[in-house]
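Asks: One structure, as structure tokens, below. Some questions next.
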Amino acid sequence: MRQVDDLRLDHLTKSFGEMTAVDDLSLTIPAGSFFALVGASGCGKTTTLRMVAGLEDPTSGRILIGDRDITGMRAYQRPVNTVFQSYALFPHLDIYENVAFGLRRRGIKDVKGPVESMLDLVELGPMARRKPSQLSGGQQQRVAVARALINEPEVLLLDEPLGALDLKLRRQMQIELKRIQTEVGTTFVHVTHDQEEAMTMADTVAVMNAGRIEQMGYPAEVYELPRTLFVANFLGQSNIISGAVAGSDGSMVTVSAHGAAFRLPGDRNSASGAAILVGVRPEKVTLLDAVDSARVPAPHNRVDGTVTDVSYTGVSTQYLVRTPWGQELTVFEQNDIVGDRAAVGDPVVMHWAVEHTFGLEP
Amino acid sequence: MAAVLPSGGVSATPVAQRRSRTGYFLLLPGMAWLGIFFAIPFITLFVTSLQAPSPDAAGQFVPAFQVSNYAEAFLNYWPQFVRSLVYAGLATIFALLIGYPLAYFIAFRGGKWRGLLLVLVVAPTFASFLLRTYAWQTILSDNSPITQFLNFLHLLPDERILNTGIAVVAGLTYNFLPFMILPLYAALEKIDPRLIEAGSDLYASPVTTFRKVTWPLSLPGVVAGTLLTFIPAMGDYINAQLLGSTGDRMIGNAIQVNFIQFRDYPIASALSFILMAAILVLVFSYIRRAGTEDLV
Ligand SMILES: Nc1ncnc2c1ncn2[C@@H]1O[C@H](COP(=O)(O)OP(=O)(O)OP(=O)(O)O)[C@@H](O)[C@H]1O
Ligand SMILES: [Mg+2]
């Protein structure tokens, strides 16, 4: 491993006329970490990467690697490489020369070894002499990854690099990318729409919304305890019930909503006032037949309901359950039960642990 | 419609076959046009180029197979051939040097003005070729500001521009510049700006990015533009006639004089054929060297 430095964005802002694409973004990406940036389309992910790459000038703010301020550096001077969202392979050069491009520009004469091993890594060895237009979308994407990675930059920016790959190849490339990242110690900043990809690969996940980071942290941390409604709904699914804080006894908050009462730990509550959104992930909810309602553990939060939809998805079954106040909640159950599943129209009771409940600012 | 249903029976003409025949019918007008305006004159010209003077009547020619016409034409006019080559070559180089930055600017920096700028590029061609060349007579005349300024700097060997080779090359460059700019623009405009960004992302300075990415990608435009400038410039006679002295005549002038003034049709035809062959050879070797296999 070589010495690399943290990537720091310091009050970074980018406006296009009236539109603020990136809004006062400050964050530190630790050296050698795998940082995933997720967020809805148009929230400013690509713009952020382009500023780090030097392809877009920030309206204000600074970009630093360690203590080096690279804000004013030209793109070709930065120790940063990009895997472009649209590949941007050189159409007049063959695959081999595309991959060798960065090495040659830095005056490295002996490119054969590195290029060939890089092409083997992305399983494109036999295609070395083809032009980009003679490759499939997924193959082009792998060339784009290889072309950036071969330079062993301090920071590698990946803008949805695996979007065009089929599931099998995607998983394979994910493992490969993760392995390379660990091996060369490069800092990866990875933009993706695939939340599963973000969570499995990244050390840190940041959820971006309208030019700002809403929440960032370890993938499990962000998933288990979303702090904003956007995060709760963007990263995975959530059941959200609106209510009002009824009381607070030490570490527990009590909420009354639609005539029902819910409890949640005080440190899992992000709401500042009385209005609150109670949330729970669908897989945390257990479904019981209404006749078995006595079996619900006493401290659990519970809601009665009627099943309105059952979809069997193989590993799990997804239920939609209508609450007495007419809201539909989602429940995921592992398919490990013996006997009958609940059917549409069945009266049921949903319950979940207080520790899995979270509170959000409406 | 017989071919709509498979049950229609045996008599139906398969749709695919009928469609392919329609394709050939579409070629007919073009073929007819080429046949009348290219093939027939081409053959007539070739036959004429081999004619011999009539033994009976002076100024008349009779069908023959006088290959020596070609040798005579070439020996009499080789300086004009060489001069055409040099002038057209220079005009092409100057048009490229002027046209490339202009096309580059319009394609990458033109923004919403692109359309207007392109119209301005072709605007001079709205006026007649002859008229524009006459205008250049005035622009380059001995007491024009340009000539006087260059004389002031002692930059003109003959102390004048009009009636020198410089004026002919300048006129050729000017007249064929739009034919250089348009294909260059078309090629440059097609280049994805992200490729240039990718170049700079991969450690290439702006100059290197131009050499390694932009220039190679614009080559089809360079080849097309230089051909569209060089070929008509090579055969042109208006510029040499209006802007040059008798010592600056090009092969086009020789052909014109032989046809119109001397009425020596065999020699004029032979000259035309030599010019055509020379251009063909030059163009093919050029395209091969440029190595743009995806040009067509
Ligand atoms: N050059 C530009 N001029 C004007 N607006 C721009 C420009 N580039 C981006 N934007 C705007 O900035 C916002 C952020 O764009 P950006 O490309 O960063 O989104 P993104 O998060 O990468 O989206 P996606 O997931 O769809 O790729 C968008 O609303 C976009 O329209
Ligand atoms: Mg994007």
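Asks: Looking only at residues in the range A:101-125 that are touching a residue at least 40 places away in the same chain (Cβ under 8 Å) and in a helix (DSSP H, G or I), which one is farthest from ligand 1 (Cβ to nearest atom)?
Replies: A:L103
Asks: I'd like the residue in the range A:141-162 that is surrounded by 20 or more Cβ atoms within 10 Å (Cβ to Cβ) and not aliphatic (A, V, I, L, M) and, out of all such residues, is farthest from the chain's Cα centre (by Cα).
Replies: It comes out as A:N151.
Asks: Limited to the range A:268-283, what total is found for residues that are in a strand (DSSP E or B) and either open to solvent by less than 50 Å² (accessible area, probe 1.4 Å) or among the acidic types (D, E) (or both)?
Replies: So the count comes out to 6.
Asks: Name the one entry in A:A206, A:A198, A:A220 that is open to solvent by 10 Å² or more (accessible area, probe 1.4 Å) and either within 14 Å of the chain's Cα centre (by Cα) or within 16 Å of ligand 2 (Cβ to nearest atom) (or both).
Replies: A:A220
Asks: Would a scan of the range A:133-148 turn up a residue that is within 14 Å of chain B (Cβ to nearest Cβ), farther than 24 Å from A:G54 by Cβ and either of a type in the set (S, T, Y) or within 16 Å of ligand 2 (Cβ to nearest atom) (or both)?
Replies: Yes; the residues of the range A:133-148 include at least one that is within 14 Å of chain B (Cβ to nearest Cβ), farther than 24 Å from A:G54 by Cβ and either of a type in the set (S, T, Y) or within 16 Å of ligand 2 (Cβ to nearest atom) (or both).
Asks: Looking at the range A:249-267, which of its residues are surrounded by fewer than 20 Cβ atoms within 10 Å (Cβ to Cβ) and under 21 Å from A:T228 (Cβ atoms)?
Replies: Listed by number, the residues that qualify are A:A257, A:P265, A:G266, A:D267.
Asks: So the check is Cβ under 7 Å with 6+ separation or different chains; which pairs have a first residue in the range B:192-210 that's more than 7 Å from chain A (Cβ to nearest Cβ) and farther than 11 Å from A:R74 by Cα and a second one that's aliphatic (A, V, I, L, M) and assigned to a helix (DSSP H, G or I)?
Replies: B:I196/B:V213; B:G199/B:V213; B:T209/B:I196
Asks: Pull up the range A:316-348, narrow it to residues that are loosely packed, with under 14 Cβ neighbours inside 10 Å and aliphatic (A, V, I, L, M), then point me to the one that is modelled with the lowest pLDDT.
Replies: Per the criteria, the residue is A:V338.
Asks: Determine which member of the set B:P232, B:P183, B:P216, B:P220 is under 20 Å from the mean Cα position of the chain (by Cα), within 14 Å of chain A (Cβ to nearest Cβ) and under 26 Å from B:R288 (Cβ atoms).
Replies: B:P220
Asks: Also: I'd like the full set of residues that are more than 14 Å from chain B (Cβ to nearest Cβ), closer than 21 Å to A:Q139 by Cα and not hydroxyl-bearing (S, T, Y), limited to the range A:87-113.
Replies: If the condition is that a residue be more than 14 Å from chain B (Cβ to nearest Cβ), closer than 21 Å to A:Q139 by Cα and not hydroxyl-bearing (S, T, Y), then A:I95, A:K112, A:G113 are the ones that fit.
Asks: Of the residues A:L156, A:L162, which is within 14 Å of another protein chain (Cβ to nearest Cβ) and under 25 Å from A:F35 (Cβ atoms)?
Replies: A:L156
Asks: Could I ask something else about it? Can you find a residue that is surrounded by 15 or more Cβ atoms within 10 Å (Cβ to Cβ), more than 16 Å from ligand 1 (Cβ to nearest atom) and either farther than 27 Å from A:R105 by Cβ or within 14 Å of another protein chain (Cβ to nearest Cβ) (or both) anywhere in the range A:2-22?
Replies: Yes, because at least one residue in the range A:2-22 is surrounded by 15 or more Cβ atoms within 10 Å (Cβ to Cβ), more than 16 Å from ligand 1 (Cβ to nearest atom) and either farther than 27 Å from A:R105 by Cβ or within 14 Å of another protein chain (Cβ to nearest Cβ) (or both).
Asks: For the range B:237-296, what are the residues that are open to solvent by 70 Å² or more (accessible area, probe 1.4 Å), of a type in the set (D, E, K, R) and touching a residue at least 24 places away in the same chain (Cβ under 8 Å)?
Replies: B:R263, B:D294
Asks: Here's another thing I want to ask about it. I'm told A:I70 meets every condition in (1) away from ligand 1 (no atom under 16 Å from the Cβ); (2) farther than 25 Å from A:L177 by Cβ except one. Can you identify the failing condition by its number?
Replies: (2) is the only condition that A:I70 fails.
Asks: Sticking with this one: Tell me, please, whether a residue that is within 14 Å of another protein chain (Cβ to nearest Cβ), under 26 Å from the mean Cα position of the chain (by Cα) and over 30 Å from A:V83 (Cα atoms) can be found in the range B:240-262.
Replies: no
The values are calculated or read from the model by the stated rules, or taken from the named source; none is laboratory data. Please read these numbers as outputs of a predicted model, since none were measured by experiment. So basically every Cβ, Gly included, is an ideal-geometry build from the backbone, and we count neighbours across all protein chains shown. Note: accessible area is taken over every heavy atom of the protein model, side chains too, but ligands, DNA and RNA are not part of it. Shrake-Rupley method; radii C 1.70, N 1.55, O 1.52, S 1.80 Å.
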